[in-house]
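**Q** Please find one structure pasted underneath; my questions will follow.
Just so you know, all these numbers are worked out from the coordinates, no wet-lab data involved. Quick caveat, the model's predicted, so the values are computed rather than measured. Cβ atoms come from the backbone with ideal geometry, glycine included; neighbour counts cover every protein chain shown.
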Amino acid sequence: MENHLLTLIVFAPLVMAGVLLLVPAKHIGFFKWGALLGSVGSLLAALFVFHLYDNRTGVTGIDNLSTYQFVEKMDWISLDLGQLGQLSIQYFLGIDGVSMPLILLASIVMVIGVLASWSVEEKAKSYFLLYLLLSTSIFGCFLALDFFLFFLFFEFMLLPMYFLIGLWGGVRREYAAIKFFLYTFFGSVFILIVMIGLYSSVIDPIKMSETLQVSVSQVQQMLQQGSIASDQMIRTFDMTAMMQADNFIPGSVLSLFNGLTIGGYSARLIAFLFLLLGFLIKLPAVPFHTWLPDAHVEAPTAISVVLAAILLKIGGYGLMRIVYPIFPEGAIQFAVLVGFLGVLAIIYGALNALAMKDLKKMIAFSSISHMGFVLLGLASLTAEGVSGALYQMVSHGFISAALFLIVGVIYDRTYSRQIADFAGLATLMPKFTAVVVISFFASLGLPGFSGFIAELLTLLGAFHSHSLNDLLPLWMPIVAVLGLLLTAAYYLWTIQRMFFGKAWLRNESWMARLTDLSSREWLMFVPLILLMIALGVFPHLLLDISKESISYFTELINGKGFEQLQLLYQMTK
Amino acid sequence: MDLAPLIAPMKLGQETFQALIVLVLPLCSFLILGFLRNRLGILAGYLATLVGLVGLGLSVNLFIAVWNYTTYHFRTTWFDISLGKLPLNFTVGVYLDNLTVLMLVMVSLIALLVIIFSLAYMKDDPQVAKYYAFLGLFQFSMMGIILVDNLLFIFIFWELVGLSSYLLIGFWYQKTSAALAAKKAFLFNKVGDLGFMIALMMLWSQFYTLDIDAIKFLWQQASLSDRFTLSAGGLSVWTDMSDTWMTWIGIALFCAAVGKSAQFPLQVWLPDAMAGPTPVSALIHAATMVAAGVYLLARVLPLFTVDVMLVLSIIGALTALMGAFAALAQSDIKKILAYSTISQLGMMVMGIGVYAVEAAVFHLFTHAVFKAGLFLAAGSVIHSLHQYEAASGQHLDAQDTDQMGGLRKFIPLTFLTFVLCGLGLIGFPGFSGFLSKEGIIEGAIAWANNADVFAAWLIPVMAILTSLLTAFYIIKLIIKVFFGKSPQWLVDDHPVREKGWAIKFPLVVLGLLSFSIWYGHPFDGHQSWLGEGVSRAIFGNEFVPTIIEGKWSMVLALLALLAGGTMAIMKYGVDRSYFTETVHWLKSMSYHNFHLDAIYMIIFIRPSYYLASAITRFDQHVLDRSVNLLGISQVVFAHIIAWIDRTVVDGLVSLVAKFSQWFGALFRWFVHSRVQSKILWAVLFVVLIILIWIR
């Protein structure tokens, strides 16, 4: 299939940004409509990809290059390193059952984000240009299959986010923006280290088979026998190549067979932990989460929406796309750690949310709590658990978008986010209250909404893990269940305090400003609510896309993981 | 054991299709009323009534088709994430047997009557369409619990029922008490639901399905041998079905019932739930939703081990007695009935625990009828007092029985219903409760008789004591409200009156249904068609009346209710001096329901809030601060480096520069000095060199 749909998804916003760059800053309308057009362009392309997407048996992706769809692969940077062989960086995009749902999520939320930005008047040109830049880097992140390309997009995301928070944010915006930037950047350093390690260890078997005029498997064989000279090696950032142990140069840092240990752990396990740390900060997992509440509280509504709905998912996506398949033995070795961090986040986030007095902070902590399910499901390495983790990412994307929009509705009208400033809003804004109740119940995992399916699958998987692959102890899912109660508690308490009871406002003058939802706001909420319900009632809408990939993923990680872990132990003994 | 055929899809038949319509109709009503709530006005109630009528008609039709005849099962795949050979297939379907159709008719009937009653009761409420919409949502979810064939879907509807209960309790959300009660009800239910969730996790990890039929079948296989292989698509999985494991599953499932059916220790939400509109209390918090727990227990009965059954009977008996005791000191008419509901639900759970399952389900049905009757009658009292309040301009608490008296003259039909249903509740011969409750007590006695331990007799003793207290509090209530002198606030020119067919019709129906004649032999529960049919559904086709313990258990039960009734009449009928004069610790215990609320506040709710605040402080002062400190120390470090750079590194460079500057200056000085001094220096140097050279 020779087309450039994925490139279209990634670069439609950037092209639009390029066009808008030429428009004088005073035409604010141009930028709004232009940004809308750019993100709708991506959305349409994504929907078209979804339409053409092939979810037949065996079309799995993950580590199997030939079963990725819409693959675009071309040389980007090639450097002759002389004695060290060749460096090859590719423009390499592709989609499989893990990225397809997230691309749909991202493309939908980016459009809603533009709608949520409609009231931005101040420095509108820069705002929308940065927003489009952000879109491109997000889509690129989800589609890149070359580690270098991924890292590029991953890092590039920080720039627009930094300015979007730092320039259009709340009172402490500079602090929050710097904290966000530096914290994530700190994580990236670890990713970078491993990326360099991988690059120095992995060759591109396909390219080498072309230059050496032998088959791919022969290349791998020759490599393992050490019969390929160093200057003939083509080193690559291709993720799918990194996922196969045969492509590692014997004796290289991250080879399975080098017996290299650092502080008692094999280098590969250390590499796993480094990558894990990098992506856990992005997710964020407790205790690396403290940048999130600040960033959320200070960010403008639309940026909060994008941050919660999409950016956090890149953490989870990175684990599924990069960390687990490249270092499956780490997934097995540290399953308990990852599962524990998941449970910790669920409970810790929920307890924090319970104590929050600021509505936006409460929702930020609820995000942390919900992201815990992603970790728990992933750690279980069962089909249910991993499906649940992916489902949670998509579901939380839509639900958290609605939740942050809700905060935006109140904040836009009153410039207050304190729960204690409001009571009995149901009387003043009945339609808004209906939206709030629906979104809150969706978020607390009420059946009929997407969150329920996600949590159900995660919990079933986490519990099943004990009898299936014996990775997680039984107490983890049981404690995680407790999180559901805490979640219900903070949401219902908030509803009771802010929306029920007699109408009362801290400031009388707000009364006139607290009008019910405008049609633009409806336009943002309705699709989100419909999606929550659709995914809650018809789970196969999403699971049919991801099923093949996830089944393959779990089998792959379980199979290779145990095998390679044993190997590592033998080598390091 | 091959799994695939056990969860294979089954065709949608005419009956199951009809059942789906019964299920979906109220949902449509919910959606239509929800979206058009502002435009429908008076039509909303009629639409809901129409939907209720059609639902009842279809339910009766299904009842006729299924009852004692056959079962129907429709099943399809909801979604499937099978992993290679491992079957991970989530099915959904509709299952119809005697038990389901009985519940279906019961729920449809009471829902219809309650909707009709609401036509009058909720007439003046500005948000009446929303009310009927929520009722529709409730009916939908309740029907779902009854109809589906699968524990996962029971759980799904279970939660949705919780939602509709939340919305209806909080219907008058402006009232703080309603808002608090709604939250409390949902959260306490959620505690039980955690158990349900855990049960689902345990069952799934062993059986790979949550289909009740399949689980029951596999369970049976498991009980033959502890470990057996489950194979599907060539893959075999060991399942561990030890007794401990099974007991934990049973207990976890029971937790769900403890929450929803308001059993000890989670029963505290139900009395507060009375903050909702009274017809809602009748439908949801007396007749149907709270009975769902008992229904669930009956559906999954074969999964319970002996230990679980013991837990059931203990918790049930305890709840029954506690509820009855707590009802004694209440003065709010709805609270009395709420505690009574708790107590009766305890009886049902205990009935299941002592293997008198058909009696328990029978009691579920009769209780639904007479308790709905009692609540609607109470609603009629409240409604007529509210009308009076509005007409006379006086302020009074329409639910406080201390302020009532002699109302039988004003609202005779309500009085009659209350008495009939009350007699049903206490199990007076000739009334429905007699058949079902005596069945449970008999079962308890037989169970204790078969048990080895003498302590087992505590269970029937508690049941009989409950019976006694029940008779006491309900007769006390009747006397207080309907007999004696009219209260002082009553002024004759604005009579208290029950108005409208919409109020009267449901009362008449429920009052009449409280007679035992409808359920078979009016004085012998063993000869009831209802109990027999239920027994068929649960135990298979051969119907063996579980217990024939002679008549003495019945005599005992009758004595208890006579004693209770007589005591009430003696105490309140003669001089009408209420409890009020004695402030007694027992009374306070009863009034505050054993202070459970306060205890939970101290043990759970406050500590978890403190924990939350402590964790937040930790988050801000330790975690976040350490991140900030790291940042700050980085900056400080940078400053130190900068200082070193400035003073040491750059200082060295400057030193070198300074040195050369100094040296240069020296030479400059040489170069720029006068001729005479140059000669002098030259001579001096020459002398110096000569001196050195000579040495």
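**Q** Quick one: 3J(HN,Hα) in Hz for the range A:178-191, Karplus 6.51/-1.76/1.60 with θ = phi - 60°, rounded, Gly and Pro as x.
**A** Here the 3J(HN,Hα) series is 5, 4, 4, 4, 5, 4, 5, 5, 4, x, 4, 4, 5, 4 Hz.
**Q** Provide the net charge surrounding A:Val336, with neighbours chosen by a C-beta distance below 15 Å and charges set as Lys +1, Arg +1, Asp -1, Glu -1.
**A** -2
**Q** Just tell me which aspartates and glutamates come within less than 18 Å, Cα to Cα, of B:Lys183; anything on the same chain fewer than 8 places away is out.
**A** Partners found: B:Glu159, B:Asp193, B:Asp272, B:Asp597.
**Q** Would you please state which residues of the range B:314-351 a label at B:Asp400 would reach in this model, taking the label point 7 Å out along Cα→Cβ and a backbone N cut-off of under 18 Å?
**A** B:329-337
**Q** Starting with the fewest neighbours, write out B:Ile517, A:Ile419 ranked by other beta-carbon atoms found within 10 Å of each beta-carbon.
**A** Ascending Cβ contact count within 10 Å gives the list B:Ile517, A:Ile419.
**Q** Only four residue types carry charge here, +1 at the Cβ of Lys and Arg and -1 at the Cβ of Asp and Glu. Report the dipole size of chain B about the Cα centre in Debye, rounded to the nearest 20.
**A** With Lys and Arg at +1 and Asp and Glu at -1, about 2720 debye.
**Q** For the protein assembly as shown, what is the Kirkwood estimate of the hydrodynamic radius, computed as the reciprocal of the mean inverse distance between distinct Cα atoms, to one decimal in Å?
**A** For the protein assembly as shown, the Kirkwood estimate is 33.9 Å.
**Q** Summing -39500 (n - 2.57) over the DSSP H runs of n ≥ 4 in chain A and dividing by its residue number, what mean residue ellipticity at 222 nm do you reach, to the nearest 500 deg cm²/dmol?
**A** -22000 deg cm²/dmol
**Q** If eta is 1.567 mPa s and T is 4 °C, what Stokes-Einstein diffusion coefficient results for chain A, Kirkwood Rh from Cα pairs, in µm²/s?
**A** 54 µm²/s
**Q** Something else now. Which three extents, in angstrom, do the Cα atoms of the range A:334-537 have along their principal axes, listed largest first?
**A** Extents along the principal axes: 60, 31, 22 Å.
**Q** Could you pull out every whole DSSP H run in chain B that spans at least 20 Å of Cα extent along its own axis and averages 1.6 or higher on the Kyte-Doolittle scale?
**A** Long hydrophobic helices here: B:14-35, B:43-66, B:98-121, B:151-169, B:306-328, B:412-426, B:458-482, B:552-568, B:675-694.
**Q** Per residue, how big is the convex hull of the range B:334-444 when only Cα atoms are used? Give it in Å³.
**A** 89 Å³
**Q** For the range B:1-293, taking Cα atoms only, what is the radius of gyration to one decimal and the Dmax to the nearest whole Å?
**A** Cα-based Rg and Dmax for the range B:1-293 come out at 20.4, 65 Å.
**Q** Would you calculate, for chain B, the mean residue ellipticity at 222 nm contributed by helices, counting each DSSP H stretch of 4 or more residues as -39,500 (n - 2.57) and dividing by all residues, to the nearest 500?
**A** Result for chain B: -22500 deg cm²/dmol, rounded to the nearest 500.
**Q** Which entries of A:Lys547/B:Lys190; B:Lys175/B:Lys437; B:Lys334/B:Lys587; A:Lys502/B:Lys409; A:Lys73/A:Lys179 have Cα-Cα distances beyond 27 Å here?
**A** A:Lys547/B:Lys190; B:Lys175/B:Lys437; A:Lys502/B:Lys409; A:Lys73/A:Lys179
**Q** Then there is this: Using the count of nearby Cβ atoms within 10 Å as a rough guide to exposure, how do A:Lys573, B:Lys334 rank from fewest to most?
**A** Ascending number of Cβ neighbours within 10 Å: A:Lys573, B:Lys334.
**Q** Divide the volume of the convex hull of the Cα atoms of chain B by its number of residues and quote the answer in cubic angstrom per residue.
**A** 338 Å³
**Q** Normalised by the residues of the range A:334-537, what does the relative contact order come to in percent, with Cα pairs under 8 Å and at least six apart?
**A** Worked out over the range A:334-537, it gives 30 percent.
**Q** How big is the range A:1-63 by the Kirkwood estimate over distinct Cα pairs, in Å?
**A** 13.5 Å
**Q** Still on this structure: When the Cα centres of the range B:423-465 and the range B:284-301 are compared, how far apart do they sit, in Å?
**A** 20 Å
**Q** Over what distance in Å are the Cα centres of the range B:645-695 and the range A:506-547 separated?
**A** Between the Cα centres of the range B:645-695 and the range A:506-547 lies a distance of 85 Å.
**Q** Would you work out the relative contact order for the range B:305-591, in percent, from Cα pairs under 8 angstrom that are 6 or more residues apart?
**A** Rounded, it is 27 percent for the range B:305-591.
**Q** Assuming 1.306 mPa s and 10 °C, estimate D for the range B:1-139 with Stokes-Einstein, Rh taken as the Kirkwood radius over Cα pairs, in µm²/s.
**A** Rounded, D is 95 µm²/s.
**Q** Oh, and also: Counting other beta carbons within 10 Å of each Cβ, put B:Trp693, B:Trp172, A:Trp33, B:Trp269 in order, fewest first.
**A** B:Trp693, A:Trp33, B:Trp172, B:Trp269
**Q** Using the beta-carbon distance between A:Leu44 and A:Ser126 and R0 = 22 Å, what value does 1/(1 + (r/R0)^6) give for FRET efficiency, to the nearest 0.05?
**A** The pair A:Leu44/A:Ser126 has a calculated efficiency of 0.25.
**Q** Does anyone have the angle between helix A:99-116 and the longest principal axis of chain A? Alpha-carbon axes, 0 to 90°, nearest 10?
**A** Helix A:99-116 and the main axis of chain A meet at about 30 degrees.
**Q** With an 8 Å Cα cut-off and a minimum separation of 6 or more residues, compute the relative contact order for the range B:377-433 in percent.
**A** 30 percent
**Q** Same structure, new question: May I ask for the distance between the Cα centers of the range A:93-169 and the range A:356-412, given as a whole number of Å?
**A** Cα centres, the range A:93-169 to the range A:356-412: 18 Å.
**Q** Working from the alpha-carbon coordinates of the range B:305-591, get Rg over Rh, Rh being the Kirkwood radius.
**A** 1.01
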